[in-house]
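**Q** The structure's right below; bear with me while I get my questions together.
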Amino acid sequence: MNYQLEVCIDNIESLHTAIKAGATRIELCSSLALGGLTPSFGFMKQAKQASSIPIYAMIRPRQGDFLFSDEDVEIMLADIQAAKNANLDGIVIGVLTADAHVNVSVCKKLISAASGLGVTFHRAIDQCQNVERALEDIISLGCERILTSGQRSTALAGIETLAKLHQQAAGRIQIMAGAGVNADNALEILNKTGIKELHLSGKTVRSSKMNSIQSEAQMGASDVDDFQIPVTSFTAIQSVKSIYK
């Protein structure tokens, strides 16, 4: 199997940067600062038209935990249909029960709605109370891969669990390491776990291209600078990609 480098993005500028830097797959999101939410239909369509590599859409209707209401699930089903209408290659999902197990029945419903698309199970697994059971549940669902940090704040910190999950999976599903992956730790993660897929955003910021204006208006949280635009760093992606060679 070839190594895969998935880059999560939340704007069209970052799509072009990620592809040029060597990404092999895109996780399309909105609001990466919140952990990634569902992208708009317009973003899905434009990204697919512009992309030369597979695009998987995050299907997550709100920030927070992964215990979703019936109304949340209906939104997710509609968003999956949007991903299909945009001709995307796959979706990224994760739904848990109140006692922190994989909600197999709801996931089956989402996967059925996504028929014809690839499916990644995201870091909801990192909130499961029994990661070994969660892995088996996700395998039974027929997902292609699992994105996980090994239930730690970063993939490097969770490296032992990542290695165990890879061994338990035994080729039945791909384990993809994500959270805090960068050029300084990517090779160690690959070598010590045996996995072949990495996930990162390579986040940086650029200054607004607007002319200087004087305004006290704030569009969001007071600690967010509206004139610093979060984007993917070409160098961050390229430097991890170079490790694969």
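**Q** What order do you get for Cys8, Cys128 when you list them from fewest to most C-beta neighbours inside 10 Å?
**A** Ranking Cys8, Cys128 by Cβ neighbours within 10 Å, fewest first, gives Cys128, Cys8.
**Q** Under the rule of -39500 (n - 2.57) per DSSP H run of 4 or more residues, summed and divided by the residues of the chain, what mean residue ellipticity at 222 nm is obtained, to the nearest 500 deg cm²/dmol?
**A** Estimated from H runs of four or more residues: -10000 deg cm²/dmol.
**Q** Among the DSSP beta bridges whose two residues both lie in the chain, what percent are antiparallel, rounded to the nearest 5?
**A** On the way: 7 of 34 bridges.
Rounded to the nearest five, the antiparallel share is 20 percent.
**Q** Could you work out the local net charge near Lys164, counting Lys and Arg as +1, Asp and Glu as -1, over the other residues with Cβ closer than 12 Å to its Cβ? Please report the intermediate quantities before stating the final value.
**A** Working: positive: Lys192; negative: Glu132, Glu160.
Within the 12 Å Cβ shell, the charges total -1.
**Q** For the stretch 61-215, what class follows from the C-alpha gyration tensor (a ≥ b ≥ c being the square roots of its eigenvalues): rounded when a/c is under 1.5, otherwise prolate if a/b is larger than b/c, else oblate?
**A** oblate
**Q** Can you give the relative contact order of the stretch 23-82 as a percent, counting alpha carbon pairs under 8 Å and 6+ residues apart?
**A** 35
**Q** Turning to a different aspect of this structure: Take every Cα pair under 8 Å in the stretch 114-233 that's 6+ residues apart, average their separations, divide by the length, and report that relative contact order as a whole percent.
**A** Relative contact order here is 19 percent.
**Q** Would you work out the relative contact order for the chain, in percent, from Cα pairs under 8 angstrom that are 6 or more residues apart?
**A** Numbers: 471 pairs, mean separation 44.9, N = 245.
It rounds to 18 percent for the chain.
**Q** Can you sort Lys20, Lys48 so the residue with the fewest Cβ neighbours within 10 Å comes first?
**A** Result, fewest neighbours first: Lys20, Lys48.
**Q** Okay, moving on. Which of the residue pairs Lys45/Lys196; Lys164/Lys192; Lys45/Lys108 have a Cα-Cα distance greater than 22 Å in the structure shown?
**A** Over 22 Å Cα-Cα: Lys45/Lys196; Lys45/Lys108.
**Q** A further question follows. Using the count of nearby Cβ atoms within 10 Å as a rough guide to exposure, how do Ser239, Ser153, Ser105 rank from fewest to most?
**A** Ser105, Ser153, Ser239
No value in this document is a laboratory result; all are computed from the given coordinates. In this text, all values refer to a predicted model and were calculated from it rather than measured experimentally. We place every Cβ from the backbone using ideal geometry, glycine too, and count neighbours over all the protein chains shown.
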